[in-house]
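Step one of this worksheet: look at the structure below.
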Amino acid sequence: MPVVMSLFKLRPIHLVVAATLVGVFLRFYHLSSHAPEAWFDEIWFAMRAREMLAAPQFVVFYRTSWGGGNALMVYLTAAVQWLGFTGLSSSRIASAALGAVSVPLAFACFDEVLRGSGFQSGSVRSVQPRLRRWIAALAAFILSYLIYWVVVSRVGTEPSLAPAATLFCVWQLKRARRLIEESTTKTQRQEAPQRNLGGTSRRAFVVNPSLNFALAGVVAGLAQYNGPHARFILPLVGLIGLHDLFLIPAPLRRNYIVGLSLAALAGLVVVAPLALFFIQEPHWLVARAREATARSFTQQGALWENIKASLIAYNFTGSLDSLTNYPGLPVFDPIQSIGFFVGHGWVLWNLRRSAVARELLGWEILMTLPSLIANDAPSFQRMIGYGAPGAAVVAVGWVVLWQWFGPHPRRLGVWNLGFARCWRAVPGILAFGIFASFAYQSYMFLVKFPRLSVLPKAYLAVPVNTARELIKRAEAGERVFVSRNPEDDDVISFEYLFPGTPVKRLDFRQCLPFSDGRPARSNYLVLTKRDAQTVPILYQTYPTASIEVESMWQDSGSWVEVPAGISGPRPPNPGHASFDPGLTFVGYEWSGGTVQAGQSLFITLWWKVEADMTADYTSFVHVGTGLDGTTVVAQRDGQPCQGLFTTSQWRAGDLVRDSFAITFPPDVLPGDYPLVTGWYTFPSFTRLSLREADHALPDNRAIIGVVTVRK
């Protein structure tokens, strides 16, 4: 470090600027594709944001099947989409931006934290300004490239927002305390000695620190809309505030208490709507946390196992979750681990004498707790807040090493000049090691991480890429149908990407359009968790079709490709009637030609589409013609396929089966009745023209069969 500083005249601010640029680059580089897009949570946030922009409303909490969704990321994602970034990964922009902002925030925060007593060769003196800024700058630099911190802050989920809020709140509290002390000292020098210290400090408080206290409270309150991870900001703010309250000179405590009260009041005002929601529905307060922590509290020994797994993950084992880290890579690499152990040695040695040591250790413990109580420890996502205090301790360790090796080679009785030169070279080696650490983690993130074979499964790359390919085919003129089973949570990337495209979503168990001589290939993506019948039907109908099974993460899927020009199935009861502008009746199937009075006839009409439809038409079936003095004894009118697949969606080559029931009144007379069908437009009730039929009626209706009614 001395060598580097002497060569380039580096100042801490230069490192902070470079770290910020590195942080921005690593977080925004190929943001939508470097880690394959996308993850369930970020698509969910993008969907809620799109809904909010379409129909603005004030939401504090979303009720979901997985324990509830928090609203802050929805609002941030909505702001991003409002600016024009409406892609699938719009929530990542907000997440990455706050991740990049956390780098200079770390410098500002730790620069204030280190102004307190506690770091200078193990003494209790305040840190020298230059040394203090170097520690803060190194902490910011570590955070700019710490791989798990980078990965989590690139994925558009709520944990990525918590670190910036935490750093901001601690920065403002520390700044407020300093301003109270500095303004009081300045006032004491300027005013007469007989002036009351309390009065002068109160006037000084009104001028400066009140804004800092208020900002800390507002941000801490806003963070509570960000989910369980942000809940730990409150105990940290409380810890820092109480600790400073005991350390601040007695005459200033009243002012500091007023400031903390202001912060608490600001936070309460901001969080009041959410608090009111939880008061009214208290089970949602812990619902999400219960989903993530059930194992650690119900299984014997699970908590202790979590503690061990989380602690060794810092420097040895890492996490196997590729959503948050390169699998098996520890939080800190070997160079950082040197600073980690030296820094913690300094913290423990000075715990009684140093406020900084106590605060850093308390900060680390609080930010590790979410992982300790998680079901999947070590959870790097849940311990995202640990990165900031951990980086500060690593920076402290590096500076302690520099102090030890740099200026004092005779400390260990080293008098030999050659050995002394080697001793003095250690800081340069350390500086090179710091650069090597940055290069190593950047390489792991930019080169190795994207090549992980598990990423497409860990993220939702398969359903996202499948959806995009299906959209591409649909826009090129192919027919594309995708399952939508109403009793299931939909594949969320489908739900976000398909609206507004030519892809048709259908419950195939209710309506399965066949291909019958379509000029282009047809595609069916069947979600098979709830639908086990459609794939066998398609394969039996089209033996030459190809079937590819895919995992959609939320569901299993089978992609069936039907070749162009292939003929579809034929109904068991053929018939013929052709209506303008291109609807041809080709037959039917039914529950039988005989029905009891008061019972229902179940029937399916088969329609071949000869031309693309542009309007929605209503089909009808009459039992009886109503002509020549006869009556219509029963009828059914409605949109085909129960309204799931209306005629405006029909295209040439479709073969659509429309199933429904016709209920007969109990007083209907026994006899044989013709079944009559046709189409009309609503609300004009103008019938479509009947061009030809096996049994045509003069009023644009066609007789398609005969049903016998019995008592």
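The values are calculated or read from the model by the stated rules, or taken from the named source; none is laboratory data. Just so it is clear, the structure is predicted and the values come from calculations on it, not from any experiment. Please note: Cβ atoms are built from the backbone with ideal geometry, for glycine as well, and neighbour counts cover all protein chains shown. All accessible areas refer to the heavy atoms of the entire protein, side chains included, with ligands and DNA or RNA removed. Shrake-Rupley method; radii C 1.70, N 1.55, O 1.52, S 1.80 Å.
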(Q) Can you tally the net charge around ALA652? Count Lys and Arg as +1, Asp and Glu as -1, for every other residue whose Cβ sits under 9 Å from the Cβ of ALA652. (A) -1
Q | Packing-based ranking, highest mean first, of 21-32, 226-237 given that Cβ atoms within 10 Å are counted | A | 226-237, 21-32
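If we sort 104-111, 247-254 on the protection proxy, mean other Cβ atoms within 10 Å, highest first, what's the order?
Details: 104-111: 25.0, 247-254: 13.9.
With the highest mean Cβ count within 10 Å placed first, the list reads 104-111, 247-254.
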Q. Calculated FRET efficiency, LYS529 and PHE246, Cβ-Cβ r, R0 41 Å, to nearest 0.05?
A. 0.10
Q | Rounded FRET efficiency, nearest 0.05, which uses the C-beta distance separating ALA564 from GLN280 and R0 of 45 Å | A | 0.20
Q | Among 360-368, 155-163, 54-62, the order from most to least packed when residues are scored by Cβ within 10 Å on average | A | 155-163, 360-368, 54-62
Q: Select from segment 468-557 those GluC sites (Glu not before Pro) which occupy a DSSP coil region and have at most 16 other Cβ atoms within 10 Å, ordered by residue number.
A: GLU487
Q) So how much slack lies between ALA436 and ASP488, counting 0.36 nm per residue of separation and subtracting their Cα-Cα distance, in nm? A) 13.8 nm
**Q.** Mean separation of Cα contacts under 8 Å (6+ apart) over length of segment 585-652, as relative contact order %
**A.** 31
(Q) Probe of 1.4 angstrom, ligands and nucleic acids ignored: what's the accessible area per residue over the chain, in square angstrom? (A) 43
(Q) Compute the distance from the alpha-carbon center of segment 341-368 to that of segment 596-660, in whole Å. (A) 76
Q) Measuring from label point to label point, each 7 Å out along Cα→Cβ, what is the PHE58 to ASP637 span in nm? A) 4.6
Q.
Once R0 is set to 25 Å, what does the formula 1/(1 + (r/R0)^6) return for the Cβ-Cβ distance between HIS695 and ALA597, expressed as a FRET efficiency to the nearest 0.05?
A. 0.50
Q | Sparse-neighbourhood loop sites, trypsin sites (Lys or Arg not before Pro) in segment 33-95 - DSSP loop, at most 14 other Cβ within 10 angstrom | A | ARG63
Q) Of PRO666, LEU601, ALA652, which is farthest along the charge dipole of segment 558-711 in the positive direction, counting Lys and Arg as +1 and Asp and Glu as -1 at C-beta? A) PRO666
Q. Which length gain, in nm to one decimal place, applies between PHE25 and LEU446 when the Cα-Cα distance is subtracted from 0.36 nm times their residue separation?
A. 150.5 nm
Q: Apply the Karplus parameterisation 6.51 cos²θ - 1.76 cosθ + 1.60, with θ equal to phi minus 60°, to every residue of segment 343-353 and state each ³J(HN,Hα) to the nearest whole Hz, in sequence, with x for glycine and proline.
A: x, 6, x, 5, 4, 5, 5, 9, 4, 6, 8
Q) Which one of PRO129, VAL331, LEU348 is farthest out on the positive end of the charge dipole of the chain, using unit charges on Cβ (Lys, Arg +1; Asp, Glu -1) and the Cα centre as origin? A) PRO129
Q) Here are several values of percent of Cα pairs over 52 Å apart: [x] 33; [y] 19; [z] 11. Which one was derived from the coordinates shown? A) [x]
Q | Structure-based [θ]222 nm, the chain - -39500 (n - 2.57) summed over DSSP H runs of at least 4, per residue, nearest 500 | A | -15500 deg cm²/dmol
Q: Can you tell me the dipole magnitude for the chain around its Cα centre, using point charges on the Cβ only (Lys, Arg +1; Asp, Glu -1), in Debye to the nearest 20?
A: 4600
